[in-house]
């Protein structure tokens, strides 16, 4: 019996397509084979391509669409990365108008909040958790802005919410502020066991040199689940909220 597949030319588009699919599978990024689902998808893709070539040798003209529909989704499933989620600090309170708006006059005392300082490894957009002496950066979670900016916005909003008699801002002002608030966070660790540890100090610096400079420090912990990006973001905000509460309390001694 004559072998029908022998009559198909070597440069036939069908064979070229199948060969290119097999080549693409072999050349797929290594990360595709690092998961169980990825390895399974590659095996199925390779089997589908080999089956397609066999089917074409029998002159099955409808197979190309079938192969594309089977092989390409399998490759995408193996190699596609999960979507990245972005998180903010204190967004609900700000977005819902929870921060009261008071009347600001030239006589209203002003508090200028400087940008919060953080250790270099923390001051980025990656969600970070600690495991012993190892730092783990999330592959799928990001802050919407640098953490120092988000922390500054959060503390400014909390202080403005509590001290409606003051004009609290983190934006540059033309005139000197009545007080400057400088905050340094030396530690902000979120452990996978659910412990958030924060160490910080802050200074309230008066424009009037006759007024005393206020300097305080604190260490605090908060507990909560921390196995997912959502939980790490929530626990981070909880620790920063606790710091903001202590800063607000320290401003009760301001006199004007």
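The values are calculated or read from the model by the stated rules, or taken from the named source; none is laboratory data. Owing to the predicted nature of the structure, the values given are computational and were not obtained by experimental measurement. No Cβ is skipped: glycine too gets one built from the backbone with ideal geometry, and neighbour counts run over all protein chains shown.
Things to note:
- Residue within region 246-254 that is modelled with pLDDT under 95, closer than 18 Å to residue 160 by Cα and in contact with a strand residue (DSSP E or B) (Cβ under 8 Å, 6 or more places away or on another chain) present: yes
- Residue 152 vs. criteria at pLDDT 95 or above, touching a strand residue (DSSP E or B) at 6+ places or on another chain (Cβ under 8 Å), surrounded by 17 or more Cβ atoms within 10 Å (Cβ to Cβ) and closer than 20 Å to residue 233 by Cα: yes
- Condition check for residue 97 on (1) modelled with pLDDT of 95 or more; (2) on the phi > 0 side of the Ramachandran plot: one failure, at (1).
- Answer residue from region 71-90, given it is assigned to a loop (DSSP other than H, G, I, E, B) and modelled with pLDDT of 80 or more and is nearest to residue 143 (Cα to Cα) among those: 88
- Search result, residues across region 235-256 that are within 17 Å of the chain's Cα centre (by Cα) and surrounded by fewer than 18 Cβ atoms within 10 Å (Cβ to Cβ): 238
- Among the residues of region 116-126, those identified as surrounded by 15 or more Cβ atoms within 10 Å (Cβ to Cβ) and in contact (Cβ under 8 Å) with a residue 24 or more places away in the chain are 116, 117, 118, 122, 123.
- Residue 117 vs. criteria at pLDDT 95 or above, touching a strand residue (DSSP E or B) at 6+ places or on another chain (Cβ under 6 Å) and in the same structural domain as residue 238 (by TED's automatic domain parsing): yes
- Residue match in region 215-222 (condition: without any contact (Cβ under 8 Å) to a residue 40 or more places away in the chain, over 20 Å from the mean Cα position of the chain (by Cα) and buried (at least 16 other Cβ atoms within 10 Å of the Cβ)): yes
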